[in-house]
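Here, each number is a calculation from the coordinates, and none is a lab measurement. In this text, all values refer to a predicted model and were calculated from it rather than measured experimentally. All Cβ positions, even for glycine, are placed from backbone atoms using ideal geometry, and neighbour counts span all protein chains on display.
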């Protein structure tokens, strides 16, 4: 939904999942495998500076477990022919419990970042050679641990969420817990969803959804906003077509945010999506998502 993430968790594997949302997932057990192909420096450099990610996640009634491996090119020089390469590996576990319309959850994740500096990148084969076959000899933030905590409330067609992101966070060479780490990246969100059934009955309907979030509430100067919406046309029970849009920005620079537009297609256990992210004042970037569900 255009970058909205505080209110959701599970198979979509958003950037800021709320572990409390597992309680409201209708699926008892789900396996999800996801691949992402995008670019890291805008479409002007495509396809020489791509970003690839492979994720796997298991979702049950009270717990999710996932692993994510990402390769990305960053810090390009002016000619885009030398970059830094990053390999990030993350393992995440979320626990959730609830009663009636209220749920609470906690998420623990950890991993490491490996880096190679000043890597030659002149064409597409260079990316695969440098990511898959070359050794990453510099370790950054090795074996870090991050803890998130969340709450959610359901009221008819609305959900309200709160997320304390990075309760435990990496600071230099140690993991810290301070009042700033507890509240600086706190976020809240409100979400609405409604289904309208057509004359053909429950097998053909429109699903409307929208969300508004405030992020980093207590981080002075960096308070942000995410707003997004999606319309999904469900052809049959396991097939749908969706259109989404969103906007993300910090309040101090509200006119210099990022616009997201996207299309999605789902057929049985396969979901595909193409999102265009356009930071105002710079080159747009592309991200393509593919998800396989069981």
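What the table shows:
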item	result
Footprinting exposure proxy for 79, 123, 283, 165 (fewest neighbouring C-beta atoms within 10 Å first)	79, 123, 283, 165
Packing rank of 100-107, 125-132, where each peptide gets the mean count of other beta carbons within 10 Å, highest leading	100-107, 125-132
Order of 23, 58 under a 10 Å beta carbon neighbour criterion, fewest first	58, 23
Neighbour-count ranking [beta-carbon atoms within 10 angstrom, fewest first] of 135, 122, 287	135, 122, 287
Packing-based ranking, highest mean first, of 62-69, 184-191 given that Cβ atoms within 10 Å are counted	184-191, 62-69
Average projection area in nm² (convex hull over Cα atoms of the stretch 19-293, one quarter of hull surface)	16.0
